[in-house]
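Only one structure is covered here, and it is reproduced in the block below.
The values are calculated or read from the model by the stated rules, or taken from the named source; none is laboratory data. The structure displayed is predicted, hence computed values, not measured ones. Cβ placement follows ideal geometry from the backbone for every residue including glycine, while neighbour counts extend to all protein chains displayed. When the accessible area is computed, the model is the full protein with side chains, heavy atoms only, and any ligands, DNA or RNA have been set aside. Shrake-Rupley method; radii C 1.70, N 1.55, O 1.52, S 1.80 Å.
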Amino acid sequence: MNYRKIVYKEPTYSYEHAKNLYQLALANAVVKKAKNSEKAYICLKTAWVVRGETQRLDTTDPEYETKKKENDAQEKELLTNALNGFVMARQSEEFPIAGMDSTTLDYLIGALAMETDQYDVASKMISEILTSRVANSRIKDKARLLKDMLAEKTGEQA
């Protein structure tokens, strides 16, 4: 009701503008009671924008450390929200979920769990992919790489 269109005249979006657009999209998804997968996907894409902004920060800026910490915390929160949304979607929605089959979604959940330090969830998703009969060799190879990263982070033998 109180929405005012923001006119953006630049040929490319700034990170700040892109984040604002994704926040607006997420608010819209919440209001229209969108599927968990849709909200999770918006959170994931917003996290990618925040990560891109963090990578482009000027290291000589005196505010660099503060901005980097803020962005890292925001990215981790968004990735956690995306992970939780995709897990709920996997339990309650029909496939394809956000255009992904079950194997691809399991890999994404495993990768997000790794990013958010939820190693038990990552391990479960990786093992489901590796033991799946329908997963293709390419995604199994990616899952093996994820398993190696998990073993490295947890200090276990792969």
Using only the alpha carbons of the chain, what is the convex hull's orientation-averaged projected area in square nanometres?
12.5 nm²
Heavy-atom accessible surface of the stretch 20-86: percent carbon and sulfur, 1.4 Å
51 percent
In the stretch 88-158 the accessible area split gives carbon plus sulfur, as whole percent at 1.4 Å, a share of 48 percent
Accessible-area value, Ser137, 1.4 Å probe, nucleic acids and ligands omitted, Å²
80 Å²
So how do Leu21, Leu78, Leu145, Leu83 rank on accessible area, 1.4 Å probe, biggest first, that is with the largest at the start?
Leu145, Leu21, Leu78, Leu83
Which residues make up the longest stretch of the chain clear of trypsin sites (Lys or Arg not before Pro) that lie in a DSSP loop with no more than 14 other Cβ atoms within 10 Å, not counting the sites?
57-132
Can you pull out the chymotrypsin sites (Phe, Trp or Tyr not before Pro) in the stretch 1-94 whose DSSP state is coil and whose Cβ has at most 12 other Cβ atoms within 10 Å?
Tyr3, Tyr8
From the P(r) of the stretch 83-158, could you give the percentage of C-alpha pairs in the tail past 15 Å?
50 percent
Magnitude of the charge dipole, the stretch 16-89, Cβ model with Lys/Arg +1 and Asp/Glu -1, debye to 20:
540 debye
Placing +1 on the Cβ of each Lys and Arg and -1 on the Cβ of each Asp and Glu in the stretch 114-158, which of Tyr119, Gly155, Ala143 has its Cα farthest towards the positive end of the resulting dipole?
Ala143
Rounded to whole Å², per residue accessible area for the chain with a 1.4 Å probe reads 67 Å²
Using 10 Å bins from zero, what percent of all Cα-Cα pairs in the stretch 56-108 falls into each bin?
22, 33, 19, 19, 6
For Glu152 and Ala73, what is the calculated FRET efficiency with R₀ set at 22 Å and r taken between the beta-carbons, to the nearest 0.05?
0.40
Contact order normalised by residue count of the chain, Cα under 8 Å, 6+ apart, percent:
17 percent
